[in-house]
Amino acid sequence: MTARNISRFWEWGRKIICVGRNYADHAKELKNAIPKEPVLFLKPPTAYVREGSPILVPLYTTNLHHEVELGVVIGKGGTAIPQSAAMEHVAGYALCLDMTARDIQDECKSKGLPWTMAKAFNTSCPVSEFIPKERIPDPAKVSLWLKVNDQLRQSGCTSQMIFSVPYLISYISDFITLEEGDLILTGTPKGVSAVQEHDELQAGIEDIVTMSFTVDRQDH
């Protein structure tokens, strides 16, 4: 057994690997082409925020969006992991939000620049409690939802994902070695929208976990 507690992966995990445009309807709502291979970007571990602390709107954005996602927590590292063995590397899951400064992302995209400022800021990755692997027998049958101030904004199922969890693990590990405690964000269903200061966000995986966060503004 490792001395590190996988159920608190956010305290010591070294990277967050995010998959963009992994639901066709979400790609379409942002007027993006449906990708032929996974679109990847990174968040640093400083992006993590847990229930009880607020999501902070960065000073430089006026259009912060929510994206609810299934997160895959890596329990066993590896490089060039075959799809057939990919699930052996999964320790469990987490419900996650990929908070996105959409105005900054649009500006970066128009200039052909990386999305870091739009995606990697502090509190841009709210996470739930760790969900042990056995509680989600099939990561392709997970229903996700998100409400803002009690109004349903996002509702989808991981069966709608373009690239499956085993495929993503295999694909990513071909060129980024996966390590214990890493988190993979698997993409968001349609329905993303802006949040404002003082909004209450609630998100859930049906019958498994819920979490809630308030939105606050960075004050300096």
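The values are calculated or read from the model by the stated rules, or taken from the named source; none is laboratory data. Only a predicted model underlies this, so the values are computations on that prediction, with no experimental measurement involved. To get the accessible areas, we keep the full protein, side chains included, count just its heavy atoms, and leave off ligands, DNA and RNA. Shrake-Rupley method; radii C 1.70, N 1.55, O 1.52, S 1.80 Å.
Counting only protein heavy atoms and a 1.4 Å probe, tell me what percentage of region 1-112's accessible area is made up of carbon and sulfur.
It is 53 percent, rounded to a whole number.
Calculated on C-alpha atoms, the gyration radius of region 1-50 divided by its Kirkwood radius gives an Rg/Rh of 1.15. When shorter helices are ignored and each DSSP H run of at least 4 residues is given -39500 (n - 2.57), the per-residue value for the chain at 222 nm works out to -3500 deg cm²/dmol. Both the radius of gyration and Dmax for region 133-220 are 15.6, 44 Å, in that order, over alpha-carbon atoms. Using the alpha carbons alone, the radius of gyration of the chain stands to its Kirkwood radius in an Rg to Rh ratio of 0.93. Using alpha-carbon positions, what is the distance between the centroids of region 127-155 and region 26-83, in Å? Cα centres, region 127-155 to region 26-83: 14 Å. When the solvent-accessible area of region 120-220 is split by element, carbon and sulfur atoms take up 45 percent of it, the probe being 1.4 Å. Checked against a 22 Å cut-off, the cross-linked pairs 15/190; 43/76; 133/190; 15/141 give Cα-Cα distances beyond that limit for 15/190; 133/190; 15/141. At a probe radius of 1.4 angstrom, the accessible area of the chain per residue rounds to 45 square angstrom.
Oblate is the label for region 20-96. Its Cα gyration tensor axes, ordered a ≥ b ≥ c, give a/c of at least 1.5 and b/c at or above a/b. From the C-alpha coordinates alone, can you work out the Kirkwood hydrodynamic radius of region 30-144, in Å? In region 30-144 this quantity evaluates to 16.0 Å. Across 207, 98, the residue with the most accessible area heads the list, and the full order at a 1.4 Å probe is 207, 98.
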